[in-house]
Every structure is written in C-alpha cells, then in structure tokens.
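Asks: Following this message is one structure expressed as structure tokens.
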Amino acid sequence: MGTFTNPLNGQSVVISSAGLINGPPPIVDEDAGTITFSTTFKGLPEKIQTANGRVLSRDAGLITFADTFDLETGEFISSEVTVNGPHPEADSDFELLCEVVSEALT
C-alpha cells in the first residue's frame, strides 16, 4: 500500500492491493531460444482511492502476464496479458493510474 500526497494542497491518494500472486516455473523453449515467465494476480491487484475513501479505479479478478525474453541475451521480446474480471488499468494500457492520480492530486 502506498499514499501519495500533494504538498501544495494536501490532497492524497491511496493505492492498495489484496490477494494472491503466483505462477508456474518459467517455460524454456530451447528451439526458439526463449524463456517465458507467467505471473497471475488473483483478487484485487490494484485499488486507487482518495484518502477519504472515494474509489477512483479498481481492478478485480484474475490477470496474468506472460513475459518472454531471449534465452541468451535476456532481452525482452514480448508480453501477453490475459484478463478475467474488470481491469480498467489493463484496459487503458496501464495509463489510467497516472490519469486518475494526477487528477485527484490537483
């Protein structure tokens, strides 16, 4: 959990989460020369609210990230996101946090 406060006006935003995070062992594809890490967040991966409790954004349910890297260089190749449930942050290409936090702090 984290709280961000604008020192000029005292407005605050709280970002929190609750639930489980897990994933299987990495998948190595030697023929393709890649390694893929999958991480699943179950529950409430992100809730953004004002300090007085008004909810600005809430992600809930399951969201899985499958990130693939080059096996030799470690260079990032791709990321695939799978969602089940409302995930406005993922739907916004992960820009919603900046938008709602900036608006709430001004």
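Asks: So if we plug the beta-carbon distance of S78 and K42 into 1/(1 + (r/R0)^6) with R0 = 25 Å, what FRET efficiency do we get, rounded to 0.05?
Replies: Plugging the Cβ-Cβ distance into 1/(1 + (r/R0)^6) gives 0.65.
Asks: For the chain, build the charge dipole from Cβ charges (+1 Lys, Arg; -1 Asp, Glu) around the Cα centre, then report which of L71, P45, M1 sits farthest towards its positive end.
Replies: M1
Asks: Quick one: the Cα spread of the chain along its three principal axes, in angstroms, biggest first?
Replies: So the three principal-axis extents are 56, 26, 20 Å.
Asks: Order the peptides 52-65, 8-21 from the highest to the lowest mean number of other Cβ atoms within 10 Å of their residues. Walk me through the numbers before you get to the answer.
Replies: Working: 52-65: 14.9, 8-21: 13.0.
Sorting 52-65, 8-21 by mean packing, highest first, produces 52-65, 8-21.
Asks: All other residues with a Cβ under 14 Å from the Cβ of T82 taken together, and with Lys, Arg as +1 and Asp, Glu as -1, what is their net charge? Display every interim value, and only then the final one.
Replies: Numbers: positive: K42; negative: D59, D67, E80, D91.
Net local charge, T82 excluded: -3.
Asks: If you don't mind, there's one more thing I want to ask. Quick one: accessible area per residue over the chain, 1.4 Å probe, rounded to a whole number of Å²?
Replies: 65
Asks: Going by alpha carbons, how many degrees (0 to 90, nearest 10) lie between the helix axis of 96-105 and the longest principal axis of the chain?
Replies: 20
Asks: Let me ask something else about it. Sequence gap at least 6, Cα distance under 8 Å: using those rules, report the relative contact order of the chain to the nearest whole percent.
Replies: After rounding, I find 24 percent.
Asks: Additional query: What does the helix-only formula give at 222 nm for the chain: each DSSP H stretch with n ≥ 4 adding -39500 (n - 2.57), the total divided by the residues, and the result rounded to the nearest 500 deg cm²/dmol?
Replies: Helices in the chain give a 222 nm mean residue ellipticity of -3500 deg cm²/dmol.
Asks: So, one more: Could you look at the chain and say what percent of its accessible area is carbon and sulfur, using a 1.4 Å probe and all protein chains? Could the numbers behind the result be given before it?
Replies: Numbers: 3710 of 6910 Å².
The C+S portion of the solvent-accessible surface of the chain is 54 percent.
The values are calculated or read from the model by the stated rules, or taken from the named source; none is laboratory data. Fair warning: this is a prediction, and the values are worked out from it, not measured in the lab. Cβ coordinates were reconstructed from backbone atoms using ideal geometry, including for glycine residues, and neighbour counts include every protein chain displayed. Protein only, heavy atoms only, side chains kept; ligands, DNA and RNA dropped before computing areas. Shrake-Rupley method; radii C 1.70, N 1.55, O 1.52, S 1.80 Å.
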